[in-house]
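Reviewing the structure listed below.
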């Protein structure tokens with residue numbers, strides 16, 4: 001029987017809460033962080049534990065997987081995009097009810113600014129290094145030791161050796177590790193636990209829910225057999241503090257109805273964005289541009305990102321919905337179209353097979369997919385309503401578009417970022433906006449009485 005993970009259960013008036021926590025990082029992408037995070041969340045969940053998982057950075061796809069694995073909401077945390085106070089409050093709230101807080105890092109441990117290591121250091125969360133050790137042994141230990149000692153403000157407690165072929169392989173790695181860096185698990189290669197992928201990352205959880213369940217259960221068994229619980233259940237509680245009392249969210253969208261596209265083609269939606277709109281008084285109604293024939297009664301329309309390129313024919317064939325979207329625009333109501341939603345608003349979209357399909361034509365221009373090369377990175381969107389922090393991640397391009405009203409401001413580079421377009425009340429861009437970074441600006445964007453139009 002596994003020992004019980006200790007946690008504190010503070011009341012709502014307390015300013016700190018304690019909960020064991022573990023940050024899964026790696027020397028690079030593709031080491032198995034999401035697979036192991038999901039498997040560990042499922043292993044503990046099926047033992048009756050409450051596991052709150054967070055994802056570092058602006059990722060949309062991994063949180064869908066981790067949400068299904070843990071049965072708990074998954075928030076994206078980034079010190080630049082979301083802000084330190086936001087991250088702090090999310091950890092504090094999770095610590096009040098969780099048996100374990102699990103954070104999945106992004107890219108390599110020190111990649112990016114801020115990096116996974118920066119987030120772990122800021123909140124004193126111990127790290128475990130996930131590493132694909134295929135083709136190396138003592139070198140894997142050397143890399144782990146180097147990562148653990150690279151900075152003195154992080155605490156690496158162990159290593160998880162993924163794709164560790166044999167008992168001899170495990171022994172070589174373990175013997176080469178320093179005394180303060182344990183081998184928490186050695187995991188053999190298993191096709192039964194690998195998560196399905198496509199061009200922007202993992203396949204959306206909703207598309208393969210049953211398959212994921214089988215993989216989560218296999219992954220939980222895989223981790224359980226490794227003995228990882230011996231280490232996880234001994235993690236000491238971390239103290240998480242409440243953020244300084246923030247300004248109360250103002251009811252800037254009281255009575256405003258926002259129609260939100262959400263289906264297999266449009267699903268890149270931050271839970272934090274939905275929560276903020278509702279806190280400001282908005283009523284959210286959801287619809288499918290793929291299968292519905294009309295938009296629910298609404299004062300504003302949000303077309304988020306997703307995979308319209310995988311459903312271009314179906315989107316194009318749904319002429320009733322395209323007519324409804326155009327009518328909505330013609331009524332002078334505000335429309336926000338982000339990335340995939342932006343592609344849907346252009347005149348045509350060419351998919352990955354080179355086939356071109358008519359889209360809604362709310363904005364002038366044509367979209368097309370472009371192989372493996374893409375664009376990604378943090379940017380700020382200087383909207384007429386105010387600056388909102390955001391990020392870009394796409395493998396498509398647009399052409400023949402009108403003059404933009406602004407360009408995104410890159411986090412660390414002076415070159416212009418993604419173009420921002422506005423025609424009548426339609427705002428379109430490749431940028432994915434993080435609404436909590438500027439609630440007042442977002443309220444003006446969606447509120448018909450406050451919307452600022454800049455027509456070009």
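The values are calculated or read from the model by the stated rules, or taken from the named source; none is laboratory data. Since the model is a prediction, treat every value here as computed from it, not as a measurement. Every residue, glycine as well, gets a Cβ built from its backbone with ideal geometry; the counts of neighbours run over all protein chains shown.
Numbers at a glance
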item: Some residue of the stretch 267-279 being touching a strand residue (DSSP E or B) at 6+ places or on another chain (Cβ under 6 Å), touching a residue at least 12 places away in the same chain (Cβ under 8 Å), part of a strand (DSSP E or B) and within 16 Å of residue 344 (Cα to Cα); result: yes
item: The listed residue being in a loop (DSSP other than H, G, I, E, B), in contact with a strand residue (DSSP E or B) (Cβ under 8 Å, 6 or more places away or on another chain), farther than 21 Å from residue 363 by Cβ and modelled with pLDDT of 95 or more, out of 296, 289; result: 296
item: Contacts under 7 angstrom Cβ, first residue in the stretch 284-295 being under 19 Å from residue 273 (Cα atoms), partner surrounded by fewer than 18 Cβ atoms within 10 Å (Cβ to Cβ) and at pLDDT 95 or above, 6 or more apart; result: 284/278; 285/257; 285/296; 287/296
item: Test set (1) surrounded by fewer than 20 Cβ atoms within 10 Å (Cβ to Cβ); (2) touching a residue at least 24 places away in the same chain (Cβ under 8 Å) - residue 343 fails condition number; result: (1)
item: Residue pairs meeting the criteria (Cβ under 6 Å; at least 6 apart or on separate chains; first free of Cβ contacts under 8 Å to residues at least 40 places away in the same chain, in the stretch 37-55; second buried (at least 24 other Cβ atoms within 10 Å of the Cβ)); result: 45/51; 45/70
item: Selection from the stretch 150-205 of residues that are outside any loop (DSSP other than H, G, I, E, B) and at pLDDT below 90; result: 197, 198, 201, 202, 205
item: Any hit, the stretch 374-396, residues being over 20 Å from residue 433 (Cβ atoms), surrounded by 16 or more Cβ atoms within 10 Å (Cβ to Cβ) and not assigned by TED's automatic domain parsing to the domain that holds residue 79; result: no
item: Exclusive hit being surrounded by 20 or more Cβ atoms within 10 Å (Cβ to Cβ) and touching a strand residue (DSSP E or B) at 6+ places or on another chain (Cβ under 9 Å), set 321, 352; result: 321
item: Filtered residues of the stretch 15-39 (kept if part of a helix (DSSP H, G or I) and touching a strand residue (DSSP E or B) at 6+ places or on another chain (Cβ under 7 Å)); result: 33, 34, 36, 37
item: Residue 112 without any contact (Cβ under 8 Å) to a residue 40 or more places away in the chain, at positive phi and either in the same structural domain as residue 182 (by TED's automatic domain parsing) or more than 19 Å from the chain's Cα centre (by Cα) (or both); result: no
item: Set 216, 231, 240: member being part of a helix (DSSP H, G or I) and either free of Cβ contacts under 8 Å to residues at least 60 places away in the same chain or in contact with a helix residue (DSSP H, G or I) (Cβ under 9 Å, 6 or more places away or on another chain) (or both); result: 216
item: Yes/no for residue 118 being out of contact with any strand residue (DSSP E or B) (no Cβ under 8 Å at 6 or more places or on another chain) and outside any helix (DSSP H, G or I); result: no
